[in-house]
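Student: Handing you a structure now.
The values are calculated or read from the model by the stated rules, or taken from the named source; none is laboratory data. Every value quoted in this text rests on a predicted model; they were computed, and no experiment measured them. Cβ placement follows ideal geometry from the backbone for every residue including glycine, while neighbour counts extend to all protein chains displayed. Note: accessible area is taken over every heavy atom of the protein model, side chains too, but ligands, DNA and RNA are not part of it. Shrake-Rupley method; radii C 1.70, N 1.55, O 1.52, S 1.80 Å.
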Amino acid sequence: QGTRDHPPALVLLRDRLLDTVAACFKRHGAAAIDTPVMELRETLVGKYGEGAKLIYELQNQGGELLALRYDLTVPFARYLAMNKITNMKRYHIAKVYRRDNPATSRGRYREFYQCDFDIAGQFDPMIPDAECVRIVHEILSDLQLGDFLIKVNHRQILNGVLAICGIPESKFIATCSSVDKLDKMPWKEVRNEMIREKGLSPEAADHIGKYVQLHGGLDLVEQLLQDPKLSQNKLAKEGLGDMKLLFEYLTLFGITGKISFDLSLARGLDYYTGVIFEAVLVQQENDHMEESVSIGSVAGGGRYDGLVGMFDPKGRKVPCVGVSIGIERIFSILEQRVKASGEKIRTTETEVLVATPHKHLVAARLKLISELWDAGIKAEMLYKKDPKLLKQLQYCEDTGIPLAAIVGEQELADGVVKLRDVARREEVRI
């Protein structure tokens with residue numbers, strides 16, 4: 001089916017990942033929202049370019065056409081328009097659904113989590129955009145996945161490049177979807193697709209190729225601002241001005257070492273209007289792993305100033321910029337690393353096992369565990385009236401429970417509990 005079960009150890013590993021991401025979003029002042037898994041089909045269709053064929057379409061008993069959400073961005077735009085909200089910083093962590101060909105080895109599923117952070121509202125240029133790039137940097141640093149690179153580009157620069165190469169505006173989106181494949185395919189194959197499938201002339205494709213294979217930093221922005229043709233194009237000039245400002249702010253954040261201005265980055269979604277970005281892991285293997293885990297991008301996003309207006313009856317626009325973290329892909333890497341290292345992951349967070357060394361003491365155990373639960377302590381006991389002490393301590397070792405609270409006849413008489421450090425095999429009476 002392209003979906004998966006998560007056994008207890010992996011659920012805990014995934015939840016830790018989600019907690020790390022949510023902590024970063026909260027640190028930046030975002031409020032949590034939630035939207036329905038199902039949307040009207042018309043809400044989703046026409047927003048995703050070539051991705052539209054991956055939308056899961058449904059029809060209810062009354063004939064109403066529905067669909068499962070494809071991402072968290074379009075439902076957010078619909079939510080803003082419905083509620084007439086013009087200013088919001090939000091995050092949303094939830095599952096999305098794509099009728100894709102699954103590739104589980106690359107962390108690609110039909111049902112998977114997305115973690116979105118978005119800033120909606122009319123603000124000065126590039127300040128919210130720089131914060132979104134900074135958030136990607138923070139999360140990937142916090143997760144300690146190894147070296148990574150955040151590619152940035154601008155839709156207006158891309159459109160400007162296509163315009164000076166003689167591409168009609170009606171073919172911009174189709175051509176962009178070909179350019180976006182440069183991270184997976186060599187230029188020769190992308191060029192062939194442009195000519196054979198998208199109807200471009202060989203000369204136009206070669207002209208585009210001179211630009212889209214460029215990548216660098218602020219120096220490349222300055223170089224393109226001096227380009228005799230590109231600097232004369234209004235769209236490209238505006239986009240390059242934005243990029244120059246973005247790099248100034250990212251320099252102040254101290255993160256430009258991980259940023260690459262990459263003209264091949266197009267991001268195939270139709271709704272992007274300005275800055276776009278995507279994060280990839282540079283090193284995806286470690287010394288202990290038998291094979292490299294290749295998973296593509298682990299985060300992406302950009303500016304989408306026109307999307308909210310599509311859902312507003314009066315067409316009122318709300319500028320937005322956001323980022324989505326592909327947690328399932330990151331999870332695939334960590335899962336492989338855990339398997340390779342042989343690390344044992346605890347399946348529960350139990351802090352103490354309540355144990356007894358003698359028979360007929362189930363009442364003492366129930367009384368003590370009730371006190372611990374009331375105090376908010378994570379506690380367990382074995383579901384047998386008279387378990388052997390060795391079996392109880394073995395359970396602690398097998399499941400990684402660090403402490404055993406032992407109450408026997410002598411402890412009851414003395415009004416104490418024997419607390420045992422399971423790993424060190426040391427005991428204290430308290």
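Student: Out of curiosity, is Glu39 within 29 Å of Lys314 (Cβ to Cβ) and surrounded by 13 or more Cβ atoms within 10 Å (Cβ to Cβ)?
Tutor: Yes; evaluated as a whole, the condition is true for this residue.
Student: Suppose the filter is surrounded by fewer than 17 Cβ atoms within 10 Å (Cβ to Cβ) and under 20 Å from Ile276 (Cβ atoms); does Asp124 pass it?
Tutor: yes
Student: Then there's this: Could you count how many residues in the range 46-59 are more than 16 Å from Tyr304 (Cα to Cα) and either assigned to a loop (DSSP other than H, G, I, E, B) or within 25 Å of the chain's Cα centre (by Cα) (or both)?
Tutor: 8
Student: Then there is this: Can you pull out every residue in the range 178-228 that is open to solvent by 20 Å² or more (accessible area, probe 1.4 Å) and within 17 Å of Pro168 (Cβ to Cβ)?
Tutor: Correct list: Ile195, Glu197, Lys198, Gly199, Ser201, Pro202, Glu203, His207.
Student: Shifting gears a bit: Where in the range 113-212 are there helices (runs of 4 or more DSSP H), lying wholly inside it, with at least 1 residues that are closer than 30 Å to Val21 by Cβ?
Tutor: Result: 127-142, 155-164, 172-179.
Residue-wise test of (1) in contact with a Cys (Cβ under 9 Å, 6 or more places away or on another chain); (2) modelled with pLDDT under 95; (3) farther than 17 Å from Ile430 by Cα; (4) not in a helix (DSSP H, G or I).
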residue: His358; (1), (2), (3), (4): no, yes, yes, yes
residue: Arg365; (1), (2), (3), (4): no, no, no, no
residue: Trp373; (1), (2), (3), (4): no, no, yes, no
residue: Gly376; (1), (2), (3), (4): no, no, yes, yes
residue: Leu390; (1), (2), (3), (4): no, no, yes, no
residue: Leu393; (1), (2), (3), (4): no, no, yes, no
residue: Ala405; (1), (2), (3), (4): no, no, no, yes
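Student: Follow-up. So in the range 303-350, with the set limited to residues that are outside any helix (DSSP H, G or I) and hydroxyl-bearing (Ser, Thr, Tyr), which one is most open to solvent (accessible area, probe 1.4 Å)?
Tutor: Thr347
Student: Give the residues of the range 3-17 that are surrounded by 16 or more Cβ atoms within 10 Å (Cβ to Cβ) and within 25 Å of Pro75 (Cα to Cα), sorted by residue number.
Tutor: Within the range 3-17, Arg14, Leu17 meet the criteria.
Student: Separate question: Can you tell me how many residues in the range 329-381 are out of contact with any strand residue (DSSP E or B) (no Cβ under 8 Å at 6 or more places or on another chain) and farther than 24 Å from Leu13 by Cα?
Tutor: Adding up the residues that qualify gives 13.
Student: OK, next. I'm trying to understand the selection: among the residues of the range 60-85, which are closer than 26 Å to Pro319 by Cα, under 27 Å from the mean Cα position of the chain (by Cα) and either β-branched (Val, Ile, Thr) or outside any helix (DSSP H, G or I) (or both)?
Tutor: Ala67, Leu68, Arg69, Tyr70, Asp71, Leu72, Thr73, Val74, Asn83, Ile85
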